[in-house]
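Below you'll find the structure, written out as structure tokens, and then a few comments.
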């Protein structure tokens with residue numbers, strides 16, 4: 001129970017708590033509860049124990065948060081749409097939508113078929129790397145990591161094969177889990193979810209193509225006779 005003979009106003013408690021927190025931060029690992037207790041005789045004993053515990057925890061958490069913020073500041077920035085490479089699949093460039101609202105990443109494929117290779121499950125499939133075009137086709141194959149139930153934006157769940165493949169964006173190449181699905185009706189042939197970008201990039205939802213855009217080939221004009 002808190003000693004009711006000590007009348008501390010909320011303002012006094014707040015002021016003492018701020019001093020208390022600074023003292024804990026200053027002492028760092030050399031925390032001495034008895035020594036600190038002597039500096040706050042006006043705080044009831046039971047309340048002090050609780051106060052000491054939560055302040056110590058918040059101080060420790062603050063150092064973790066500060067470290068994370070420092071790491072975040074060092075991350076490169078990408079936009080909500082980017083051009084990436086899929087070197088393992090033979091795709092030199094494909095436009096992706098960076099969607100932090102989606103947990104997993106997915107790739108549009110067609111002519112998907114399963115086969116066994118050295119006793120393991122593999123899949124063969126084809127990719128249309130160019131958006132809104134079916135001219136360029138890349139045929140490739142990959143080892144299946146697992147089959148996973150994935151819920152689409154419409155709320156429909158389907159079982160999809162999952163592969164791990166390297167993605168290259170900016171100067172970074174890293175492995176990403178991709179679910180394979182027919183996304184032909186979607187605007188982007190590939191979706192990069194937050195699981196793939198976490199701890200690798202900061203996402204600017206208002207920016208695009210921080211990694212640059214491929215140069216378009218100029219169409220030759222036919223000269224009139």
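Every read-out reported here was derived from the displayed coordinates using simple, explicitly stated rules and does not represent laboratory data. All values reported here derive from a predicted model rather than from experimental measurement. For neighbour counting, all protein chains shown are included, and Cβ atoms are generated from backbone atoms with ideal geometry for every residue, glycine included.
General observations
- Over the range 77-204: Rg over Rh, Cα atoms, Kirkwood Rh: 0.94
- Packing order of peptides 171-179, 191-199, highest average first: 191-199, 171-179 (average count of other Cβ atoms within 10 Å over each peptide's residues).
- The spacing between the range 110-124 and the range 125-180, judged by their C-alpha centroids, is 14 Å.
- Relative packing of peptides 204-215, 139-150, 93-104 - highest average C-beta neighbours within 10 Å first: 93-104, 139-150, 204-215
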